[in-house]
Amino acid sequence: SQTIHQWPATLVQPVGSPLSLECTVEGTSNPNLYWYRQAAGRGLQLLFYSVGIGQISSEVPQNLSASRPQDRQFILSSKKLLLSDSGFYLCAWSQFGTGSSYEQYFGPGTRLTVT
Amino acid sequence: GQNIDQPTEMTATEGAIVQINCTYQTSGFNGLFWYQQHAGEAPTFLSYNVLDGLEEKGRFSSFLSRSKGYSYLLLKELQMKDSASYLCAVIGYSTLTFGKGTMLLVSP
């Protein structure tokens, strides 16, 4: 069966510090991978998605970046965090296809607080 | 562009039936999802509709009308554990767009 891991679970970082969040998927190959952010009182916002190694699509301009160094690894980074980067970060995967294959499976999330 | 609307909050009583509505305007349409999200947790899949009509799965049912850009999630025999946020999401050409979610509070 497929599983998705995210770490860390919670993180408190000062403004201006760097960020690295990691997501890995097990039990599947060539998944589509996604990073979402959920801020308080707001919906899930798609930040990045990737359909293959080294391929990243950015949905929202910001000071964050993403990388996919391996097939089942997706990394979210920032060189300098802003207060507005606080939120609940969720990684998700899907197996591209038709019908309910579009379904996305979410990791447990990382709660980031920028102080 | 993508636009998805759903009510912010709803309240209901244990054992009752509640309907959560979702309207959408999207570029491209390849289906509509409903997810459940408990506080502090990741969303979990509830249902998927791509054709018009009603999909029933236990206590939960989901309806879709593509011509009206409208869906609803129907929850029957409400339980306290159903208190959660319910997210409507539409897949356009390749990515999911989520609504802001409807917070459902079930009271005894």
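The values are calculated or read from the model by the stated rules, or taken from the named source; none is laboratory data. This one's a predicted model, so the numbers in the text were calculated from it and none came from an experiment. All Cβ positions, glycine included, derive from the backbone under ideal geometry; neighbour counts span all protein chains shown. Accessible surface areas use protein heavy atoms only, side chains included; no ligands, DNA or RNA. Shrake-Rupley method; radii C 1.70, N 1.55, O 1.52, S 1.80 Å.
Note on chain A: the C-alpha convex hull projects to 7.0 nm² when averaged across all orientations. Packing, taken as the mean count of other beta carbons within 10 Å per residue, orders the peptides A:67-78, B:88-99 from highest to lowest as B:88-99, A:67-78. Close amide H contacts of B:Met10 (hydrogens built in the peptide plane, cut-off under 5 Å, sequence separation of 5 or more or a different chain): B:Met103, B:Leu104, B:Leu105.
In this rough spin-label picture, where each label sits 7 Å from Cα along the Cβ direction, the A:Arg111-B:Gln19 distance is 3.6 nm.
Couplings 3J(HN,Hα) for segment B:41-54, derived from phi with the Karplus relation 6.51 cos²θ - 1.76 cosθ + 1.60 (θ = phi - 60°), are 10, 7, x, 10, 5, 10, 7, 9, 10, 10, 10, 4, x, 10 Hz, where x marks Gly and Pro. Only protein chains counted, 1.4 angstrom probe. Which residues of segment B:21-53 are at least 20 Å² less accessible in the assembly than when their chain is isolated? The answer is B:Asn30, B:Phe33, B:Tyr35, B:Gln37, B:Gly40, B:Ala42, B:Pro43, B:Phe45, B:Tyr48. Model label sites at B:Asp5 and A:Gln13, defined 7 Å from Cα along the beta-carbon direction, differ in position by 3.7 nm.
Considering only the Cα atoms of segment B:1-93, their convex hull presents on average a projected area of 6.0 nm².
How big is the gap, in Å, between the Cα center of segment B:41-108 and the Cα center of segment A:1-55? About 23 Å separates the Cα centre of segment B:41-108 from the one of segment A:1-55. Residue-wise HN-Hα couplings along segment A:35-44, as the Karplus relation 6.51 cos²θ - 1.76 cosθ + 1.60 with θ = phi - 60° gives them from phi, are 10, 10, 10, 10, 8, 4, x, 10, x, 6 Hz; Gly and Pro carry x. Spin-label model, B:Gln79/B:Ala39: points 7 Å from Cα along the beta carbon direction are separated by 2.0 nm. When the Cα gyration tensor is reduced to axis lengths a ≥ b ≥ c, the ratio a/c is 1.5 or higher for the protein assembly as shown, and with a/b above b/c it is classed as prolate.
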